[in-house]
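The numbers here are math on the coordinates, done by the rules we state, and not lab data. Small disclaimer: the values here were computed from a predicted structure and weren't measured. A quick note on method: Cβ atoms are made from the backbone with ideal geometry, for glycine too, and the neighbour counts reach across all protein chains shown.
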Amino acid sequence: MRIVIAADHNGVAMKKRLAAWLADRGHEVDDLGTHGGDVVDYPALCASVGEQVAGGSAERGIVVGGTGGGEAIACNKIRGIRAGLCHSEFLAEISSAHNRSNVLVLGAKVIDEEAAVRIAEVWLITPFKGGVHQRRLDQIEALERGEPLG
Ligand SMILES: O=C(CO)[C@H](O)[C@H](O)COP(=O)(O)O
């Protein structure tokens, strides 16, 4: 799977760990940065990840911030992106099974690197359940298009 990954200054080490783990698992990883310790603003990184995923050049995206809250908000501004902020394996499972999230957001100030790897694994292997959840995703897409819900 082609996976695009990014982090702000808070998530550089966690991003590096995740990128290495993903590559070991045979994924093609595109690391959009940031790479150093300089303070950066995360919205542009989130937009780059979101645009690649929404545009189809990457299948999934992962973004690491301090808490990840702002990153999730920013990613979800990109049409077609369903970003889930997941700080447990349970949240990752539901994010894939119910929300079909295509971007995983993590907070390096909230969880450690080993937890991040376990969460990413659950997120990647859990299939979307469809059914009632697809109906709800269709409703979210209608909201994205500015259509009123019945
Ligand atoms: O997680 C985040 C947003 O939700 C950011 O990483 C965080 O806000 C950056 O803050 P600072 O510049 O103080 O490190």
Rounded to one decimal in nm, the spacing of the 7 Å Cα→Cβ label points at Met1 and Asp112 is 2.6 nm
Report the one residue of Gln134, Leu124, Ala6 whose Cα lies farthest in the direction of the positive end of the charge dipole of the range 2-145 (charges on C-beta: Lys and Arg +1, Asp and Glu -1; origin at the Cα centre). Gln134
Per-residue Cβ contact counts at 10 Å, fewest first, order Trp21, Trp123 as Trp21, Trp123
Cα→Cβ-extended label distance, 7 Å offset, between Ile125 and Trp21, nm: 1.2 nm
Note, the range 32-43: 3J(HN,Hα) by Karplus (6.51, -1.76, 1.60, θ = phi - 60°), whole Hz, Gly/Pro = x, goes 8, x, 6, 10, x, x, 5, 5, 10, 8, 6, x
With an 8 Å cut-off on Cα pairs and a minimum separation of 6 or more residues, tell me the relative contact order of the range 2-145 in percent. 24 percent
Report the gain in length on full extension from Glu28 to Gln134: 0.36 nm times residue separation, minus Cα-Cα distance, nm rounded to one decimal. 35.4 nm
Is the C-alpha gyration tensor of the range 1-101 telling us rounded, prolate or oblate? Criteria: a/c under 1.5 is rounded; beyond that, a/b larger than b/c is prolate, otherwise oblate. rounded
For the range 51-57, in order, what is each residue's ³J(HN,Hα) by Karplus, 6.51 cos²θ - 1.76 cosθ + 1.60 with θ = phi - 60°, in whole Hz (x at glycine and Pro)? 5, 5, 6, 5, x, x, 6
Of Leu18, Leu137, Leu45, the one that fluctuates the most in a GNM where the chain has Cα springs shorter than 10 Å: Leu137
